[in-house]
1. For E308 and L223 in the same chain, what is the full-extension length gain: residue separation times 0.36 nm, less their Cα-Cα distance, in nm?
2. Which of the listed residues, W82, L118, F66, is farthest toward the dipole's positive end in the stretch 64-148, when Lys, Arg count +1 and Asp, Glu count -1 at the beta-carbon?
3. Please tell me which of these pairs span more than 18 angstrom C-alpha to C-alpha: K168/K206; K168/K299; K64/K168?
4. Loop only by DSSP, 11 or fewer other Cβ within 10 Å of the Cβ. Give me the trypsin sites (Lys or Arg not before Pro) in the stretch 60-112 that pass, ordered by residue number.
5. With r defined as the distance between the Cβ atoms of A177 and S114 and R0 fixed at 45 Å, what FRET efficiency is calculated, to the nearest 0.05?
6. Give me the extension gain from R324 to R338: residue separation times 0.36 nm, minus the current Cα-Cα distance, reported in nm with one decimal.
7. For K47 and L123 in one chain, what is 0.36 nm times their gap in residues minus the Cα-Cα distance, to one decimal in nm?
8. Quote the charge dipole size of the stretch 43-163 about the Cα centre in Debye, to the nearest 20; the model charges only the Cβ of Lys and Arg (+1) and of Asp and Glu (-1).
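Read-outs: derived from the displayed coordinates by stated rules, not from any lab. Please read all numbers here as calculations on a predicted model, not as lab measurements. Note that each Cβ is placed from the backbone with ideal geometry, even for glycine, and that neighbours are counted across all protein chains shown.
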Amino acid sequence: MAPKKRHGASSSPSPSASSSTSTSLLPKPFHAAPTSLTPFTTHLNKKHIYIAHVDPRPATFKRKIFLVPCAMNLAVALIFAWRAYTIIPYYLLLLSSTFSGIPNEYTFRAADLSYFELARLVLGRALTMMIDFVLCVFVWPWPWEFVAGAGGRGSPLGWRWIVGFRDKEIYVRRSRAWDSGIQDQLFGLGGKGAASQLEGSEFWSKVREATNPMLLQQKTGYLLMNASWDLDWDAMVLATSLVDSGKMKLDQFRDPVVLLHTEKHGWITIQSELGETAGEEERRKQVFAFRDALAQMGKEDLFFRWIEIVQFESSKAGGFGVERQHEVAVQIRELFERNGVDFDAVWNEVIANSASGKYSED
């Protein structure tokens, strides 16, 4: 079931309007969002920036990850229930004594107490009230948002209830408060924009960081929430339902898709290579396909070890010349062999399948 269209969502543009948006009017690496994304972008909030990608980690792994916030929020809810059960009678008696004038065990007369006893009593009650205030204002929203949702993003529990756990899941991140005025900063000059406005901008640095292949390889989608990005649970339900119904293809979310709305150009996106050359883009896709192939063999941990070794060795002093690359290649092949995997055989199969288009998914 797809979520309802949210406030601020765009209306479906006509094919002619989409086609009239010229890529030449946009600074690289922006271009008009393809019309195939329209079923998805129609329900997005124009004020935010979105990043969508597919997480190929096994469903069993994702289930274990999700059990952690489930257990944490359940514990918080139980603590609140216990606290309410024990403290509500206390507050009721305080209110009764205050407004009715009928004394009870919590009633006291200041004249009957020493200054020390009075100060201790007042500070004790103030501390109790402060603790309960902090719990209600700052801690209680955790389980509430986990179950009921907040901010028009839906809820994690609702998302899992509808989508379940899958080996290939679509994750959609939505920018947080830093996105205010970003569209004007990038396209404020008559809506034309300039490539020079991108380099070094907050938008560019945050998007490049959020779409870093190493980040996506090291963290499952549920763990990508941070100070800059929230997960949009409703958008994730929507994207999944569109793929399940055949209105969109999973392949459209396979590589990170960055979406931004402008008044002049409508929804625009960043080219999948994020500034890379066509050859670099193809190479990157082959690396992701290699990861998927290892995941199907239950050897995805080897992929991360491979990335770690290359990253570590290439960062050493003295550069990463041909001779050093050869030594690292031998080290990696030996690592794969010790784990029962023929690196060259798997890699060559990935290259062949990539050339034949096998990794373009429905």
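1. Values: separation 85, 0.36 × 85 = 30.60 nm, distance 1.94 nm.
Going from the current span to full extension adds 28.7 nm.
2. Of the options given, the answer is F66.
3. Details: K168/K206 25 Å; K168/K299 16 Å; K64/K168 15 Å.
Result: K168/K206 exceed 18 Å.
4. Details: sites: K62, R63, K64, R83, R109; in loops: R109.
Within the stretch 60-112, the qualifying trypsin sites (Lys or Arg not before Pro) (loop, at most 11 other Cβ atoms within 10 Å) are R109.
5. Details: r = 51 Å, r/R0 = 1.13.
With R0 = 45 Å, the Cβ-Cβ based efficiency is 0.35.
6. Numbers: separation 14, 0.36 × 14 = 5.04 nm, distance 2.14 nm.
Additional length available on full extension: 2.9 nm.
7. Values: separation 76, 0.36 × 76 = 27.36 nm, distance 4.60 nm.
Full extension of this stretch gives 22.8 nm more.
8. Numbers: 12 positive and 6 negative charges, 162 e Å.
Approximately 780 debye in magnitude.
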